[in-house]
Amino acid sequence: MKQLLRKVSFLVACMLAMTLSEATMAQQTQVTGKVTEAETGEAIPGASVLVKGTTRGVVTNIDGDYSIDVEANAVLVFSFVGFATIEEAVNNRSVINITLESEAQALTEVVVVGYGTQEKKEITSAVTSVKAEDFNQGTVNDPRQLLQGKVAGLNIARPGGNPNTGFSVRLRGISSIGENAEPLVVIDGVIGGALSTVDPNDIESIDILKDGSAAAIYGTRGSAGVILITTKSGRDGRMIVEYNGTVATENVARTIPVMTADEYRQVPNSVDLGSNTDWMDEVTRTGVSHVHNLSVGGGSAGTTYRASLNSRNTEGVGLNSGFNQLNARLNLTQRALNDKAIIALNISNTTVDRRFGNESSFRYAIISNPTIPVYSDRPEDAPFGAYRERDIFDWFNPVSIAEQNIADGRDSRLLASIRGEYSFTDNFRAAVFYSTQREHDWRGNYSPKTAKFGGGYGRNGLARIQNHERHNQLFEATANYDKSFGELNFAALGGYSYQEFFNQGSDMQAGNFLTDAFTYNNIGAALDFANGLANVSSYANSNRLVAFFGRTNFNFRETYLLSVSARYEGSSRFGVNNRWGLFPAVSAGVTISNLVYIPGFTFLKARASYGRTGTQPGNSYLSLMRFGRQGNFYYDGEFVPAYGPVSNPNPDLAWENKDEYNFGLDYAMLGNRLQGAVEYYTRTTYGMILPINVPVPPNLFPTTQLNIGEIFNSGLEFTANYDVIKRSGFSWSTGINFSTLRTNLRSLSAGDLSFGEVNYRSNFGSPGQNLTQLIRIQENGALGQIWGPVFAGINEDGSPRLAVIDGTATDDDGNPVYCNCNEDRTQIGNAYPTFTFGINNNLKYKNWDLNFFFRGAIGHDLINSYRGFYENTEGTTVQNYNIVKTKYYDPNITKAEYNSSHVERADFVVLDNATLGYNFQLNPDSRITRFRMFLSVQNPFMFTGYTGVDPEVRYVDTEANNDPLAPGIERRATYFTTTITTFGLNLSF
C-alpha cells in the first residue's frame with residue numbers, strides 16, 4: 001500500500017510543488033538530502049518537504065531525493081501518508097537525510113465525537129469513523145448508502161429500488177417500540193439536521209456514536225445512537241476545482257416469478273382473453289440517471305472556503321418514477337486576531353422535484369391475467385381512456401395505474417449555521433453556535449376521470465394537495481479547557497443548548513372537475529367544495545428543548561484513560577411533573593500494550609463504559625388533555641362541527657430511558673497491518689412511551705400515553721482491517737465486520753396497566769384474509785415473532801392442511817381438528833437476523849484500482865405475501881388472477897390460506913458494489929492534477945434462497961403506518977430490486 005501511495009502521491013505532489021515554487025523564496029542555503037523508510041530503508045518518493053510556517057516546499061523524487069533553497073535558520077517539515085511527521089532545523093546544514101517512522105495511522109486519526117474531536121487511540125467509548133475514501137461507491141443518492149454494511153451493528157436497509165423511498169436505519173437493533181427508532185443525525189454541529197440537505201459528494205467523514213456513553217451527551221435524543229456528519233471544507237493553498245460526473249443505467253434485478261400466457265392457459269378454468277402480455281415488462285423500463293458535482297475550494301492562511309453545486313437527475317425503473325435534485329453548499333472559515341478568533345459559516349440549500357409513480361402498478365402487474373391486452377378499442381372501455389379494465393375484485397390495469405395517475409412532489413431544504421470561537425489563552429477557548437433549518441414538503445396528486453385506480457373514475461376526477469413545513473432553530477454556547485499536568489492531560493467541556501421547533505401543514509382533497517386539464521393545479525375548480533364533499537384540514541405545533549451539558553477527559557501517560565459526561569435536559573413535550581432529566585455517562589480505558597509486551601500486538605487497549613440516554617415523544621402535547629373534531633351535530637336548523645376529547649392528560653409523562661454497558665478491545669497486530677475492534681454490549685430500555693387502553697369513565701378518552709414496559713438487547717461486534725499485500729506497484733487490503741443481536745421484550749406492563757401480555761399485529765389483508773394476524777408480541781419473549789398455522793399437507797379439496805397443535809378442537813367423531821384460533825398457531829419465523837456482516841476489498845495495481853464489497857444477513861425470515869395470496873389456483877378460477885410460480889408451487893393447492901409454508905428463510909449475500917477505476921498518468925505541466933475514470937456496478941448478483949422480491953430485512957410494516965412491532969413482512973406493493981451500472985469521471989484542476 002505504501003509503495004503504491006508513493007507513486008500516486010509523487011505525481012500529485014510534483015504538480016503541487018510546481019505551484020508552490022512560484023512563491024518568492026529567499027535563496028540563502030541549498031539543502032539536499034534523502035528521505036527513507038525506517039522499517040525497510042527504502043526510499044520514499046513523493047514525501048513532502050515544507051518550510052515550517054510557509055507554503056513553500058518540494059517533494060522527493062522517485063529515489064527519495066530532494067533539494068530545496070531555504071533560509072539558514074529555517075525549520076523543515078517532512079511528512080508522508082502513513083508515517084510520523086518530523087520537524088528538523090536546518091542550522092546552516094546543506095545535507096539533511098531523514099528517516100520516517102511508520103505509524104498506526106488508523107489509531108492516530110482524528111475522530112469526531114459529541115461537541116469535539118479525539119484521536120482514536122484515546123477514545124474509551126464505542127465510536128466508529130468512516131472516511132470519504134472508504135464510502136460505498138457507484139450511484140449513491142442518499143448519504144445513508146455510503147455506510148451500508150460498513151459499520152458493525154449498523155443496519156441500513158431499503159427493500160426494493162424505489163428512488164424516492166428512504167432507508168431504515170437501526171443501530172444495535174431496536175431501541176424503542178414507541179418513538180424515534182432511528183439514530184439522531186448531527187450535521188456539522190446541527191442537531192437533528194436533515195440528511196437531504198447534504199449531497200453525498202460533499203461529505204468528508206461520518207462518525208457513529210454506538211454506545212450509551214458516547215451518545216449520552218445528546219440526552220433525550222441519543223437512545224438509538226448518533227450519526228455525526230462532517231462536510232468537506234476548504235484548505236489553505238491554491239484554489240482546487242473538482243468535477244465528479246456519472247451516467248448510470250438501472251434495470252430490474254429481481255421480481256416475483258409468475259406464469260406466462262401459455263402456462264396460464266393450461267390452468268383449468270382460466271380465462272383466455274386472447275393476448276400475450278408481459279405485464280412486468282409493461283410497467284418497467286431502463287432508468288437512465290446522471291449526476292454532476294462541481295466544487296471549488298482553497299484559501300489563504302486567514303480564509304478558507306469550499307463551494308459546491310450538485311445536480312442529480314434520476315429515473316426509476318417504474319414508469320413515471322424518479323427525481324431531479326439540485327443542491328448547493330458553501331463552507332467558509334475566517335481566522336482573525338492572530339488566529340485567536342475563528343468564524344465558520346455553512347449554508348446549504350436543496351430542492352428536489354419528485355415523480356413518485358405508483359408501486360401498486362408492480363403489485364397488479366404480478367397478479368394480472370397475462371392474456372388481457374393493455375389497451376382496448378371496445379366502446380365499453382372508453383371511460384377508462386382506452387386502457388382495458390375489468391369489473392372484477394381487486395384488479396386494475398397496471399399500465400393505467402402508472403400512466404394515468406399523477407403523483408408529484410417538491411422538497412425544499414435550507415440549512416444555515418454560523419460558529420464563532422475565541423481562544424482566550426492557549427488552554428481556554430469558548431464558542432457560540434447558531435443554526436436554522438427550514439424544510440418544506442409539497443405533494444400533488446391527481447387521478448383523472450378515466451382512471452379506475454386512484455378514485456378518479458368514481459369521483460369525476462380527484463385532486464389532493466398537501467403542504468408540510470418544519471422549522472427549527474438551535475443556539476449553543478460551549479467552553480473548552482485543556483491543560484497538561486506533567487504526564488496527565490486534562491480536557492473539559494461545558495455547554496448550554498436551546499432548540500425550538502415549529503411545524504405546520506395543510507391538506508386538501510376534492511373531486512368532481514369539469515375537465516382533467518387542471519390536474520391538481522386548480523383544486524378550487526372542484527365542485528366538491530360547493531357540494532360540501534371536499535376535505536380540508538390544517539395543523540400547527542411547537543416544542544422546545546433546553547440542556548446543560550459537560551464532559552471531562554483524563555489521559556495519564558497515554559495509557560490510562562477516563563471520560564465522564566452528563567447532560568441535564570428539559571423538553572416541553574413531557575408532562576409538567578417530569579420536564580427535566582439527567583443523562584450521565586462514564587467510560588474508561590487502559591492501553592495494555594504500553595504496560596506489557598504481548599507478542600504480535602503493537603497496540604492493545606481495553607475499555608468499558610456506561611451511559612444513559614433517552615427518547616422523547618414523537619409528537620407535541622401528548623401529555624395534555626386535547627380536544628379535536630368529532631364530526632357534526634344538528635343545531636338550530638343546521639349542522640355544526642362537534643368537538644370531543646382526543647387524548648387524556650398525563651402530567652407524569654417522561655422520556656424513555658436506556659441504560660447501556662459496553663466492553664471493548666481495540667487492537668493492532670502484525671506491524672499495524674491488522675487493526676480492528678471487538679465490542680460486547682447490553683442495553684435496557686424502560687419506560688417506553690406507548691398508548692395504553694384505559695377505562696372510560698373515569699377517563700374521557702380510551703387510551704392514554706404512558707411510560708411502560710422494558711426491552712433488553714445484547715450483541716457482539718467484530719471489526720478487522722488487514723493489509724494483505726503491500727508491494728511496489730500492487731497492494732491489497734481487506735476488511736470485515738459482523739454483529740450479532742439478541743432482543744427480549746421483558747415487559748409491557750407498569751403496575752395495574754398493561755399494553756397486553758400477548759399482542760398480535762398486522763393483518764394479512766384482502767382478498768379473504770383480513771382477519772389473519774401475522775406477528776406476535778409476547779412479554780419475556782423475543783421481538784419479531786412471526787406467527788401463524790403450520791402447514792401439514794394438502795386436503796382432498798385442495799386446501800392447505802394445517803397442523804393441530806393444541807388439540808382441544810374436535811370434529812363430530814371426536815378427532816382433533818385445526819381450530820382456526822391462536823391455540824393452533826405458533827411461532828413460524830423470526831424477523832430479525834442472527835447476525836449481519838460486510839466484507840470489503842481494495843486492490844491497486846499500478847494505475848488501476850478495484851474495490852468490491854459484499855454484504856449479508858443471516859438468520860431472518862420473511863412472510864412472502866405474494867405466495868400467500870397467489871401461489872394457488874383459487875385466484876385464477878375465482879378472480880382470473882395470474883399464478884405466482886416459485887420453486888414451491890404445487891398445482892394441487894387450490895385455496896389461498898396463509899401458513900408456515902409462506903414464511904421463508906431470507907438469508908442473503910449480495911455484491912453491493914464493484915468498482916474498477918483507472919488513474920491516468922498526467923504531464924507535470926498539465927493544469928489537470930487528477931484524471932480518473934471508473935466503471936461501477938451495484939447489486940449485480942445476490943445469493944439467496946428467498947423467492948420474493950427482496951430478502952432485505954424488514955424493520956417495519958409499511959401497510960401499518962411503519963409499525964416497528966410488526967417486522968418481517970414483504971408486502972405486495974414492494975418496488976422491484978434493481979441493478980445499477982455506472983460510468984464515472986473524476987477530475988481535479
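Name the single residue that is farthest from the chain's Cα centre (by Cα) among those in the stretch 821-870 being over 22 Å from residue 735 (Cα atoms) and of a type in the set (A, V, I, L, M, F, W, C). Out of the qualifying residues, it is 821. Per the conditions (1) among the hydrophobic types (A, V, I, L, M, F, W, C); (2) closer than 30 Å to residue 747 by Cβ; (3) crowded, with 22+ Cβ neighbours inside 10 Å, the sole criterion not satisfied by residue 949 is (2).
Scanning the stretch 643-686 for residues that are polar (S, T, N, Q), in a loop (DSSP other than H, G, I, E, B) and at pLDDT 90 or above turns up 648, 650.
Enumerate the strands (runs of 3 or more DSSP E) found wholly within the stretch 687-786, keeping only those where 2 or more residues are within 26 Å of residue 623 (Cα to Cα).
Details: elements: 703-727, 730-740, 742-747, 758-765, 769-778.
Answer list for the stretch 687-786: 703-727, 742-747, 758-765.
Residues that are surrounded by 18 or more Cβ atoms within 10 Å (Cβ to Cβ) and charged (D, E, K, R) occur in the stretch 807-827; there is at least one.
Residue count for the stretch 445-473 under the criterion of being under 25 Å from residue 394 (Cα atoms) and either touching a Ser or Thr at 6+ places or on another chain (Cβ under 8 Å) or in a loop (DSSP other than H, G, I, E, B) (or both): the result is 16. Sub-9 Å Cβ pairs linking a first residue in the stretch 356-384 that is on the phi > 0 side of the Ramachandran plot to a second residue that is aromatic (Phe, Trp, Tyr), at least 6 apart or interchain, are 357/975, ordered by first then second residue.
Take residue 856 and decide whether it is on the phi > 0 side of the Ramachandran plot, in contact with a strand residue (DSSP E or B) (Cβ under 7 Å, 6 or more places away or on another chain) and not in a loop (DSSP other than H, G, I, E, B).
Numbers: on the phi > 0 side of the Ramachandran plot: no; in contact with a strand residue (DSSP E or B) (Cβ under 7 Å, 6 or more places away or on another chain): yes; not in a loop (DSSP other than H, G, I, E, B): yes.
No, not satisfied.
Of the strands (runs of 3 or more DSSP E) contained entirely in the stretch 897-962, those carrying at least 2 residues that are more than 30 Å from residue 825 (Cβ to Cβ) and touching a strand residue (DSSP E or B) at 6+ places or on another chain (Cβ under 6 Å) fall at 908-919, 930-938, 942-944.
For the stretch 787-800, what are the residues that are outside any loop (DSSP other than H, G, I, E, B) and out of contact with any Pro (no Cβ under 9 Å at 6 or more places or on another chain)?
Narrowing the stretch 787-800 to residues outside any loop (DSSP other than H, G, I, E, B): 787-788, 791-794, 800.
Residues satisfying the conditions are 787, 788.
For the stretch 453-460, check the following and say yes or no: at least one residue is without any contact (Cβ under 8 Å) to a residue 60 or more places away in the chain, in contact with a helix residue (DSSP H, G or I) (Cβ under 7 Å, 6 or more places away or on another chain), crowded, with 19+ Cβ neighbours inside 10 Å and assigned by TED's automatic domain parsing to the domain that holds residue 559. No, the stretch 453-460 has no match at all. Residue 569 passes every criterion in (1) in a strand (DSSP E or B); (2) among the charged types (D, E, K, R); (3) surrounded by fewer than 15 Cβ atoms within 10 Å (Cβ to Cβ) apart from (3). A single member of 335, 410 is without any contact (Cβ under 8 Å) to a residue 60 or more places away in the chain, surrounded by 17 or more Cβ atoms within 10 Å (Cβ to Cβ) and farther than 25 Å from residue 949 by Cα, and it is 335. Scanning the stretch 468-483 for residues that are surrounded by 15 or more Cβ atoms within 10 Å (Cβ to Cβ) and among the aromatic types (Phe, Trp, Tyr) yields a count of 1.
Scanning the stretch 256-300 for residues that are more than 28 Å from residue 200 (Cα to Cα) and either aliphatic (A, V, I, L, M) or not assigned by TED's automatic domain parsing to the domain that holds residue 369 (or both) yields a total of 9.
Is it fair to say residue 259 is more than 23 Å from residue 475 (Cβ to Cβ) and in contact with a Lys or Arg (Cβ under 7 Å, 6 or more places away or on another chain)? When the stated conditions are applied, residue 259 passes them.
Of the strands (runs of 3 or more DSSP E) lying entirely inside the stretch 572-642, those carrying at least 3 residues that are of a type outside the set (Lys, Arg), loosely packed, with under 13 Cβ neighbours inside 10 Å and modelled with pLDDT under 95 are 626-635. Would you confirm whether any residue within the stretch 846-865 is farther than 30 Å from residue 937 by Cβ, in the same structural domain as residue 674 (by TED's automatic domain parsing) and surrounded by 18 or more Cβ atoms within 10 Å (Cβ to Cβ)? Yes, some residue in the stretch 846-865 is farther than 30 Å from residue 937 by Cβ, in the same structural domain as residue 674 (by TED's automatic domain parsing) and surrounded by 18 or more Cβ atoms within 10 Å (Cβ to Cβ).
Taking each residue of the stretch 83-97 that is in contact (Cβ under 8 Å) with a residue 24 or more places away in the chain and looking for partners that are loosely packed, with under 12 Cβ neighbours inside 10 Å with beta-carbon atoms closer than 8 Å, six or more apart or interchain, yields 83/101; 90/73; 94/30.
Summed over the stretch 920-936, the residues that are modelled with pLDDT of 90 or more and surrounded by fewer than 19 Cβ atoms within 10 Å (Cβ to Cβ) give a count of 5. Within the stretch 532-551, being surrounded by fewer than 16 Cβ atoms within 10 Å (Cβ to Cβ) and of a type in the set (S, T, N, Q) holds for 535, 537, 538, 541, 542.
The set of residues from the stretch 111-152 being closer than 27 Å to residue 293 by Cα, in contact with a Lys or Arg (Cβ under 9 Å, 6 or more places away or on another chain) and assigned to a strand (DSSP E or B) comprises 111, 129, 130. Checked across the stretch 114-127, the condition of being of a type in the set (Gly, Ala, Ser), modelled with pLDDT of 90 or more and touching an Asp or Glu at 6+ places or on another chain (Cβ under 9 Å) holds for at least one residue.
Looking only at residues in the stretch 723-759 that are modelled with pLDDT under 90, hydroxyl-bearing (Ser, Thr, Tyr) and under 28 Å from residue 671 (Cβ atoms), which one is surrounded by the fewest Cβ atoms within 10 Å (Cβ to Cβ)? It comes out as 728.
The values are calculated or read from the model by the stated rules, or taken from the named source; none is laboratory data. None of these values were measured; they are calculated from a predicted model. As a convention, Cβ positions derive from the backbone with ideal geometry for all residues, glycine included, and neighbour counts pool all protein chains shown.
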